[in-house]
Amino acid sequence: MMSLYLLPVMEVLTAVWRNMSFLLQCMKMLSSWCWMEVSGTRKVSSPKIIAPQDPGRVKPISVNYHFTRQCNYKCGFCFHTAKTSFVLPIEEAKKGLAMLKDAGMEKINFSGGEPFLQERGNFVGELVKFCKKELKLPSVSIVSNGSLITEKWFKSYGEYLDILAVSCDSFHEEVNKLIGRGQGRKNHVEKLMKIRQWCCDYNVAFKINSVINSYNVHEDMRDEITMISPIRWKVFQCLIIDGENSGEEALRQAEKFVISDDDFKGFLDRHKDIKCLVPESNQQMRDSYLILDEYMRFLDCRNGRKDPSRSILDVGVENAIMFSGFDERMFFKRGGKYVWSKADLKLDW
Ligand code: SF4
């Protein structure tokens, strides 16, 4: 009889304890930041304590790890610019990736900057191999501008890679040059075609990413995309991020590249018959990616800029993810979960 009365009391106490431990976690993060601020040991910018998400609710199913900000291209709208040259030592990066796997990660995407710049592609190659061979992740992918990729890289690491996405905003070389997608005399479109062939030879799914901006918004890409036939063509609306490509501290000023929602819709309408096209508006882009920066901090883009959490290496995945701004509902709505393992893809070249 007594135990019947105790039951609701226990439930109330458990709920109080859950909230207390969350509050304590926040206080711990805040006090350690204050200590670093006072003692002058703070190396990276502080976490912004804004609307943390429900602890334990968000699972890092799909993560984008921008392990470097360095790049050999100079795209005028770039929204992940070379503000630091920091890259984690590879063993630290592997440790963080293993922590993410333990927290539920199924897909990792390596991005930059340009991922193939570090150690001539061997750094990203070793991470790809580790994620597939050791962590056994269902999907391992890279987004690259393509300029530094070689067939030798495919020979060494191709078998561990599920998807390679190459950025291409125009099939006219002069437009790519105007945008800043290029380096010296390298021909971006010619290289894209070479990589398409290597993906076919080494059984890697090939994807194209395009940023629609004021220079390419009126282009008709139907023939080229149909001929290349990527498994997915991601079409993004040029995005402004304060501190990255807009504002006083930014390394780029992308205002002249911005297009209206109507112009973006016009581009999508012209290409509506392309089956592999996956559009992404500014709103979808802002909240539906889990982005890790070069320090393995989640970046919260909800306020139109990138506010970093603490590093997962310091506070663990669960604590850091509360400040990621990730909208899981939007992730599923934009089709973030798709067939992403090459074992499940019918690569019919
Ligand atoms: S290739 Fe990508 S990372 Fe490099 S400048 Fe262009 S948008 Fe930025």
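The values are calculated or read from the model by the stated rules, or taken from the named source; none is laboratory data. Keep in mind that this is a model prediction, so the values were computed, not measured. Cβ: placed from backbone, ideal geometry, glycine included. Neighbour counts: every protein chain shown. These area figures cover heavy atoms from the full protein model, side chains too; ligands, DNA and RNA do not enter into them. Shrake-Rupley method; radii C 1.70, N 1.55, O 1.52, S 1.80 Å.
A few remarks follow.
- Residues being open to solvent by 40 Å² or more (accessible area, probe 1.4 Å) and part of a loop (DSSP other than H, G, I, E, B) - total across the stretch 101-147: 4
- Residue tally, condition away from the ligand (no atom under 14 Å from the Cβ) and either touching a residue at least 40 places away in the same chain (Cβ under 8 Å) or touching a helix residue (DSSP H, G or I) at 6+ places or on another chain (Cβ under 7 Å) (or both), over the stretch 88-117: 17
- For the stretch 102-130, the tally of residues that are under 16 Å from the mean Cα position of the chain (by Cα) and either farther than 26 Å from residue 74 by Cα or not aromatic (Phe, Trp, Tyr) (or both) stands at 13.
- Pairs where the first residue, in the stretch 213-230, is over 13 Å from residue 172 (Cα atoms) and the second is charged (D, E, K, R) and open to solvent by less than 50 Å² (accessible area, probe 1.4 Å), C-beta under 9 Å, 6+ apart: 213/169; 228/196; 229/196; 230/196; 230/207
- Applying the criterion of being among the small types (Gly, Ala, Ser) and at pLDDT below 95 to the residues of the stretch 169-192, the residue that is most open to solvent (accessible area, probe 1.4 Å) is 184.
- Looking across the stretch 193-210, the residues that are among the hydrophobic types (A, V, I, L, M, F, W, C) and either over 13 Å from residue 166 (Cβ atoms) or open to solvent by less than 10 Å² (accessible area, probe 1.4 Å) (or both) come down to 195, 199, 200, 204, 205, 206, 208.
- In the stretch 290-300, of all residues being within 15 Å of residue 83 (Cβ to Cβ) and part of a loop (DSSP other than H, G, I, E, B), the one that is nearest to the chain's Cα centre (by Cα) corresponds to 293.
- Residue within the stretch 74-92 that is under 14 Å from residue 317 (Cβ atoms) and at pLDDT 95 or above present: no
- Count of residues meeting criterion [under 26 Å from residue 251 (Cβ atoms) and either of a type in the set (A, V, I, L, M, F, W, C) or modelled with pLDDT under 95 (or both)] in the stretch 153-168: 3
- Check on residue 79, near the ligand (Cβ under 9 Å from one of its atoms) and either assigned to a loop (DSSP other than H, G, I, E, B) or of a type in the set (Lys, Arg) (or both): yes
- Subset tally (residues that are of a type outside the set (Lys, Arg) and in contact with a Ser or Thr (Cβ under 8 Å, 6 or more places away or on another chain)) for the stretch 171-181: 2
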